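J.: Below is a structure I'd like to ask you about.
The values are calculated or read from the model by the stated rules, or taken from the named source; none is laboratory data. Model, not experiment: these values are computed from the prediction. Cβ coordinates were reconstructed from backbone atoms using ideal geometry, including for glycine residues, and neighbour counts include every protein chain displayed.
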Amino acid sequence: MISLELTLILPKKLERKLKEECERSGASIEELALEALCRGMDEEIDPSDRAELYARLSEKYLREAEDLLSKDHVQASEKLWGAAALMVKAVAASRGISISSHGELFSFVRRLGEEERNPELRRLFSVASTLHQNFYENWLREDVVREYSEDMKQLVAELKKLIRTPNCQKGSDQSF
C-alpha cells in the first residue's frame, strides 16, 4: 500500500453533505472518499487491506491530535476519537467484520472486551466517546483532554495487538 495525500477542494454543498454523511455513518472523510473511489473504479478492498488502511489512519489521527493538544483541544478531542474508532474498525476488518455505525463500534468493543477478558477496553472506548462528545459540546478542560489522550494512546496500542494477520483470518467479509 502506498501513501498518497490529497487535498480535495469541493463545492460547499458537497462538503456539507460529506460531513453529514460522516456524522451519520461514523466514517471518516478518508473512508468515504476511498469507498467512493473504489465504487467508481469498480474495485473491492479486501479485509486485510482495509485493516491496514484503518490502522494507518488511526495512527495519523493520533499524531495530529498530539500536535493539536496545545493549540485546539476541541479539535484534538475529535482526532483522538477518530484514532480510537478507526483502530476498532481495523481490528474488526482483520476479522472480516464491517462496522458502519457508532452502535456497532460499541457492540464490537464490548465483544472484544469479553473475548479478551479485558474490561479496560470498554472503559477506554467510553473515554473516546466522551472526547467525541466534547468536540460538539466543548465542556472538557484542556488538561482533561491531555489526560484522556494518554488513555487513547493506551487503547490504540492495545487494539493494535488484536489485529489479525491475513494468515490468521477466519471467515469472509461479514457485517457486525
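J.: Filter the stretch 32-70 for residues that are in contact with a Cys (Cβ under 8 Å, 6 or more places away or on another chain), under 22 Å from Lys160 (Cβ atoms) and among the acidic types (Asp, Glu) and give the result.
T.: Of the residues in the stretch 32-70, the ones in contact with a Cys (Cβ under 8 Å, 6 or more places away or on another chain) are 32, 44-45.
Pick out the ones that are also under 22 Å from Lys160 (Cβ atoms) and you get 45.
Across the stretch 32-70, there are no qualifying residues.
J.: Across the stretch 128-154, what is the total count of residues that are free of Cβ contacts under 8 Å to residues at least 40 places away in the same chain and touching a helix residue (DSSP H, G or I) at 6+ places or on another chain (Cβ under 6 Å)?
T.: Final tally of qualifying residues: 1.
J.: Which residue pairs have Cβ atoms under 9 Å apart, sit 6 or more places apart or on different chains, and have a first residue in the stretch 35-50 that is modelled with pLDDT under 90 and a second that is assigned to a loop (DSSP other than H, G, I, E, B) and hydrophobic (A, V, I, L, M, F, W, C)?
T.: Pairs that qualify, where the first residue is modelled with pLDDT under 90 and the partner is assigned to a loop (DSSP other than H, G, I, E, B) and hydrophobic (A, V, I, L, M, F, W, C), are Glu35/Ala27; Glu35/Ile45; Cys38/Ile45; Asp49/Met1.
J.: Keeping to the stretch 1-50, report how many residues are of a type in the set (D, E, K, R) and farther than 26 Å from Leu80 by Cβ.
T.: Keep residues of the stretch 1-50 that are of a type in the set (D, E, K, R), which gives 5, 12-13, 15-17, 19-21, 23-24, 30-31, 35, 39, 42-44, 46, 49-50.
Still in the running and farther than 26 Å from Leu80 by Cβ: 12-13, 39, 42-44, 46.
So the count comes out to 7.
J.: Go through Leu159, Leu131, Leu105, Leu86 for me and flag whichever is surrounded by 21 or more Cβ atoms within 10 Å (Cβ to Cβ), out of contact with any His (no Cβ under 6 Å at 6 or more places or on another chain) and more than 14 Å from Tyr54 (Cβ to Cβ).
T.: Working: Leu159 fails: more than 14 Å from Tyr54 (Cβ to Cβ); Leu105 fails: more than 14 Å from Tyr54 (Cβ to Cβ); Leu86 fails: more than 14 Å from Tyr54 (Cβ to Cβ).
Unique residue meeting the criteria: Leu131.
J.: While we're on this one: Within the stretch 68-96, can you find the residues that are among the acidic types (Asp, Glu) and assigned to a loop (DSSP other than H, G, I, E, B)?
T.: Going residue by residue through the stretch 68-96, those that are among the acidic types (Asp, Glu) are 72, 78.
If the condition is that a residue be among the acidic types (Asp, Glu) and assigned to a loop (DSSP other than H, G, I, E, B), then Asp72 is the only one that fits.
J.: Can you find even one residue in the stretch 73-80 that is loosely packed, with under 15 Cβ neighbours inside 10 Å and basic (Lys, Arg)?
T.: Our first condition is that a residue be loosely packed, with under 15 Cβ neighbours inside 10 Å; within the stretch 73-80, this holds for none.
Looking for residues that are loosely packed, with under 15 Cβ neighbours inside 10 Å and basic (Lys, Arg), one finds none in the stretch 73-80, hence no.
J.: Considering each of Leu37, Leu62, Leu57 in turn, give the residue that is farther than 25 Å from Ser149 by Cβ, assigned to a helix (DSSP H, G or I) and of a type outside the set (S, T, N, Q). Spell out how you get there, then give the answer.
T.: Values: Leu62 fails: farther than 25 Å from Ser149 by Cβ; Leu57 fails: farther than 25 Å from Ser149 by Cβ.
The match here is Leu37.
J.: Taking the conditions exactly as written (aliphatic (A, V, I, L, M), surrounded by fewer than 21 Cβ atoms within 10 Å (Cβ to Cβ) and touching a residue at least 12 places away in the same chain (Cβ under 8 Å)), does Leu69 satisfy them or not? Even if it seems obvious, please write down each step before you answer.
T.: Numbers: aliphatic (A, V, I, L, M): yes; surrounded by fewer than 21 Cβ atoms within 10 Å (Cβ to Cβ): yes; touching a residue at least 12 places away in the same chain (Cβ under 8 Å): yes.
Yes.
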